[in-house]
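To start, the structure under review is shown below, and the notes come after it.
The values are calculated or read from the model by the stated rules, or taken from the named source; none is laboratory data. Predicted model only: the values in this text are computed from it and were never measured. In this analysis, Cβ positions are derived from the backbone assuming ideal geometry, glycine residues included, and neighbour counts consider all displayed protein chains. To get the accessible areas, we keep the full protein, side chains included, count just its heavy atoms, and leave off ligands, DNA and RNA. Shrake-Rupley method; radii C 1.70, N 1.55, O 1.52, S 1.80 Å.
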Amino acid sequence: MYAVILAGGSGARFWPLSRKKNPKQLMSVFGGKSMLQRTVERVLPLKPKRVLVVTNVLQAEETARQLKEYQRTCRIDIIEEPVGRNTAPAIGLAASIIARYDPDGVMLVLPADHYIINEQKFRETVLAGREAALNGYLVTMGIVPSRPETGYGYIEAEKELRGAGPYPVKRFVEKPNLAKSLEFLDAGNFYWNSGMFIWRADVILDQLLAFMPPLSAALARLTFSEDIWEIEDLKPQIDSVYRDIASESIDFGVMEKADNVMVIPADFGWSDVGSWSALPEVMSADAAGNVAINVAEELALDAGGCLVYGGGKVAALIGVRDLIVVDTPDALLVCHRERAQEVKKVVEELERRGLTEYL
């Protein structure tokens, strides 16, 4: 199959560490390799025909630098979007390239910035979903919920069929309130929407034609070499196409409307690491629940549930609970863990004030 990695996000909820030129997926959040590198390493055992990484012009150079070491073992193409247009155009662009040379090639679509604990089980889930994809279904990976979560969208499955799935999708549900999320957890047929997909290139292009005709028409303008897979030659055409397309997610544009969608339950230890508050779920904490990253030393006196990114300094916490503290050379963030999603509002306000040097 082909692996398509969506790596053009800005990581706004990880400000001030994440910036437009060096967003979350290009950072070593957990130490060692970046999240993008971890994602590529996760798919290489599947022996993909190619890996297509869709990023943007600001991040393309660093993306290429980080992936250079993997070019010896797998063909990796870096596709530059001139501007971000959300997931539907990025996926449609990758599908158009694959379909030109391998129309029924299976695409595994992954965000570059997810964290997965059991990578072997992840690969087993991919291979199980591939069979349904080969038969013309749009397959989405639904994370088996471990708690009542209000920060994710949900997928309701029709589980009358026996076995481990995949199951037909009954509906997609927006982020619920706590009461609804408890109902979903008890029901047993609701899954977190992970944003990871498996399908054939020709099938997703047919769905774009049916539900997003303007995007489909724009992508149809791309012209390809007769027999040579060459991404660089497409760059001027991509720039032209992107001037005429709207921003839209693949979920809203296609998945919520199509009738050939299936969900495969996924239980391999997953987090989208969507904000600073997600890190304590996937990183080891001290006895009081504090997580310290990049600190010379952590001193916690009557402090609990805090996350500190210390910029290499000694970090001392006294009598505080559930705080996020992120120290970088030019910015300092202090917020409550329950309001970590609102960091994006800080980024928007900096943009509004014209303080782009901090972005």
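Has the stretch 152-159 got at least one residue that is assigned to a loop (DSSP other than H, G, I, E, B) and within 19 Å of Tyr115 (Cα to Cα)? Within the stretch 152-159, one or more residues are assigned to a loop (DSSP other than H, G, I, E, B) and within 19 Å of Tyr115 (Cα to Cα).
All conditions but one from (1) under 25 Å from Ala99 (Cβ atoms); (2) outside any strand (DSSP E or B) apply to Asn22; the one that does not is (1).
So that you can scan it fast, the table gives a plain yes or no per residue for (1) in contact (Cβ under 8 Å) with a residue 60 or more places away in the chain; (2) surrounded by 16 or more Cβ atoms within 10 Å (Cβ to Cβ); (3) not β-branched (Val, Ile, Thr):
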{"site": "Glu156", "(1), (2), (3)": "no, yes, yes"}
{"site": "Pro176", "(1), (2), (3)": "no, yes, yes"}
{"site": "Ala179", "(1), (2), (3)": "no, no, yes"}
{"site": "Ser194", "(1), (2), (3)": "yes, yes, yes"}
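Among the residues of the stretch 305-352, those identified as assigned to a strand (DSSP E or B), closer than 22 Å to Gly31 by Cα, open to solvent by less than 40 Å² (accessible area, probe 1.4 Å) and of a type in the set (A, V, I, L, M, F, W, C) are Leu307, Val308, Ala315, Ile324, Val325, Val326, Ala331, Leu333. For the residues Glu232, Glu281, Glu226, Glu297, the requirement of being under 22 Å from the mean Cα position of the chain (by Cα) and of a type in the set (Asp, Glu) singles out Glu281. Looking at (1) in contact with a Pro (Cβ under 8 Å, 6 or more places away or on another chain); (2) more than 23 Å from Gly84 (Cα to Cα), which one does Ile245 not meet, given that it meets all the others? Unmet for Ile245, out of (1) in contact with a Pro (Cβ under 8 Å, 6 or more places away or on another chain); (2) more than 23 Å from Gly84 (Cα to Cα): (2). When you look at Glu297, is it open to solvent by 10 Å² or more (accessible area, probe 1.4 Å), under 24 Å from Pro23 (Cα atoms) and of a type outside the set (Gly, Ala, Ser), yes or no? Spelling it out, it is not the case that Glu297 is open to solvent by 10 Å² or more (accessible area, probe 1.4 Å), under 24 Å from Pro23 (Cα atoms) and of a type outside the set (Gly, Ala, Ser).
Tallying residues that are within 16 Å of Thr328 (Cα to Cα), of a type outside the set (Gly, Ala, Ser) and over 26 Å from the mean Cα position of the chain (by Cα) within the stretch 300-313 yields 1. Quick one: in the stretch 207-262, of everything that is among the polar types (S, T, N, Q), at pLDDT 95 or above and assigned to a helix (DSSP H, G or I), which residue is nearest to Gly165 (Cα to Cα)? The extreme case among them is Gln207. Look at the stretch 266-293: where a residue is in a helix (DSSP H, G or I) and a partner is surrounded by fewer than 20 Cβ atoms within 10 Å (Cβ to Cβ), sitting 6+ places away or on another chain with Cβ atoms under 6 Å, you get Ser277/Arg337; Ala278/Ser271; Glu281/Ser271; Val282/Tyr115; Val282/Ser271.
Checked against (1) at pLDDT below 90; (2) outside any loop (DSSP other than H, G, I, E, B), Ala300 passes all but condition (1). Scanning the stretch 181-192 for residues that are open to solvent by 30 Å² or more (accessible area, probe 1.4 Å) and part of a helix (DSSP H, G or I) yields Leu182, Glu183, Leu185, Asp186, Ala187. For the stretch 32-44, filtered to residues that are of a type in the set (D, E, K, R) and assigned to a helix (DSSP H, G or I), the residue that is least open to solvent (accessible area, probe 1.4 Å) is Arg42. From the list Ser275, Ser284, pick out the single residue that is hydroxyl-bearing (Ser, Thr, Tyr) and open to solvent by 20 Å² or more (accessible area, probe 1.4 Å). Only one candidate passes the filter, namely Ser284. For beta carbons closer than 7 Å, sequence separation of 6+ or different chains, a first residue in the stretch 320-334 that is among the hydroxyl-bearing types (Ser, Thr, Tyr) and a second that is crowded, with 16+ Cβ neighbours inside 10 Å, the qualifying pairs are Thr328/Pro16; Thr328/Leu17; Thr328/Gly311. Criterion first (in contact with a helix residue (DSSP H, G or I) (Cβ under 7 Å, 6 or more places away or on another chain), farther than 25 Å from Asp102 by Cβ and open to solvent by 80 Å² or more (accessible area, probe 1.4 Å)) does Asp244 satisfy it? The answer is yes for Asp244.
If you check Ala60, Ala90, Ala112, which single one turns out to be touching an Asp or Glu at 6+ places or on another chain (Cβ under 7 Å) and under 27 Å from Asp202 (Cβ atoms)? Steps first, answer last, please.
On the way: Ala60 fails: under 27 Å from Asp202 (Cβ atoms); Ala112 fails: touching an Asp or Glu at 6+ places or on another chain (Cβ under 7 Å).
Exactly one residue qualifies, and that residue is Ala90.
A search for C-beta distances below 6 Å between a residue of the stretch 36-64 that is free of Cβ contacts under 8 Å to residues at least 40 places away in the same chain and any residue that is open to solvent by less than 70 Å² (accessible area, probe 1.4 Å) and of a type in the set (Ser, Thr, Tyr), counting only pairs 6+ apart in sequence or on different chains, returns Val40/Tyr70. Among the residues of the stretch 214-233, those that are surrounded by 10 or more Cβ atoms within 10 Å (Cβ to Cβ) and over 18 Å from Arg50 (Cα atoms) comprise Pro214, Leu215, Ser216, Ala217, Ala218, Leu219, Ala220, Arg221, Leu222.
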